[in-house]
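See structure below.
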Amino acid sequence: MTKLVAEGVVSRIGDRQILTDVSLYAGAGELVALTGPSGSGKTTMINLAGGLLPPDEGMATLDGEPTWLGTGDPRPDVALILQSYGLVSILTAAENVSIALRARGVRPREADAAAAAALDRVGITDLGERLVQELSGGQAQRVACARALVVDCTLLLADEPTSELDEYNRDRVIGELRHEAERGAAVMIATHDVEVAAQCDREYRLDDGALVPSLVR
Ligand SMILES: Nc1ncnc2c1ncn2[C@@H]1O[C@H](COP(=O)(O)OP(=O)(O)OP(=O)(O)O)[C@@H](O)[C@H]1O
Ligand SMILES: [Mg+2]
């Protein structure tokens with residue numbers, strides 16, 4: 001069964017401890033919220049869980065295997081929605097989504113069809129041919145969501161995926177993340193939006209890099 005497990009994770013930058021002994025898990029079929037104030041370590045934890053950063057102590061594993069591969073690239077079965085999106089601004093919305101599949105060896109025609117379907121899931125069917133640099137913040141955010149939805153991942157890590165969206169589109173995106181969980185993925189969402197956290201099955205709260213035990217549900 002798909003399970004993200006972080007055990008005793010410590011992350012330091014220089015002398016500063018960014019994460020202190022964080023242990024958490026997310027199982028297949030679950031939507032798990034990671035909440036906490038700005039600067040509490042949510043993005044650091046998401047990046048570490050996704051294999052973009054190595055832990056200084058402890059370990060993050062998916063199905064028993066470390067998510068950190070030593071390269072800074074995530075495993076192919078892990079999809080991330082980055083807080084900063086990480087889109088290629090001079091490519092179109094559809095190209096940004098399609099390359100996620102092409103990089104995983106999917107044939108271009110198949111990848112393009114799946115990209116169109118993923119853009120449709122987040123309500124931007126008509127923006128596929130638009131360059132990302134010509135999109136609004138909320139439109140670009142939904143391209144980043146589509147790029148994660150398209151890959152059929154086993155672990156989906158979403159860092160503030162609805163921060164630029166209106167209520168309707170926020171609920172639509174959370175609904176699609178729920179759909180990924182129902183398909184069998186483990187989904188973790190870093191968010192400061194209490195309504196998004198309320199839609200999740202469980203919640204971990206970070207404060208200054210440490211979990212707040214009384215606020216774990
Ligand atoms: N590359 C870096 N160099 C130095 N400090 C960093 C770096 N990245 C993060 N930090 C620090 O680590 C702490 C946690 O940052 P992080 O981005 O994980 O917080 P966050 O909970 O995601 O915040 P936000 O809600 O604002 O996105 C902050 O104090 C931040 O200043
Ligand atoms: Mg953050």
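The values are calculated or read from the model by the stated rules, or taken from the named source; none is laboratory data. Every value quoted in this text rests on a predicted model; they were computed, and no experiment measured them. Heads up, the Cβs are rebuilt from the backbone with ideal geometry, glycines too, and the neighbour counts pull from every protein chain shown. The accessibility values were calculated without ligands, DNA or RNA, using every heavy atom of the protein model including side chains. Shrake-Rupley method; radii C 1.70, N 1.55, O 1.52, S 1.80 Å.
Here are a few things to note about the model shown:
- Filter pass, SER84 being within 13 Å of ligand 2 (Cβ to nearest atom) and either closer than 27 Å to GLN133 by Cβ or basic (Lys, Arg) (or both): yes
- Listed by position, the strands (runs of 3 or more DSSP E) inside the range 155-217 whose residues that are over 19 Å from SER38 (Cβ atoms) and not small (Gly, Ala, Ser) number at least 2 are 155-159.
- The residues of the range 43-55 that are under 11 Å from the mean Cα position of the chain (by Cα) and near ligand 1 (Cβ under 6 Å from one of its atoms) amount to a single one, THR43.
- Residue in the range 94-105 that is under 20 Å from GLU134 (Cβ atoms), of a type in the set (D, E, K, R) and free of Cβ contacts under 8 Å to residues at least 60 places away in the same chain present: yes
- Screening PRO54 on (1) surrounded by 16 or more Cβ atoms within 10 Å (Cβ to Cβ); (2) farther than 18 Å from PRO161 by Cβ; (3) in contact with a Phe, Trp or Tyr (Cβ under 9 Å, 6 or more places away or on another chain) shows it passes everything except condition (1).
- Subset of the range 3-42 (residues that are away from ligand 1 (no atom under 16 Å from the Cβ), in a strand (DSSP E or B) and not polar (S, T, N, Q)): LYS3, LEU4, VAL5, GLU7, GLY8, TYR25, ALA26, GLY27, LEU31
- Checked across the range 188-197, the condition of being open to solvent by less than 70 Å² (accessible area, probe 1.4 Å) and more than 16 Å from ligand 2 (Cβ to nearest atom) holds for no residue.
- Helices (runs of 4 or more DSSP H) wholly inside the range 60-149 containing at least 1 residues that are surrounded by 15 or more Cβ atoms within 10 Å (Cβ to Cβ), among the polar types (S, T, N, Q) and not assigned by TED's automatic domain parsing to the domain that holds ALA6: 93-102, 137-149
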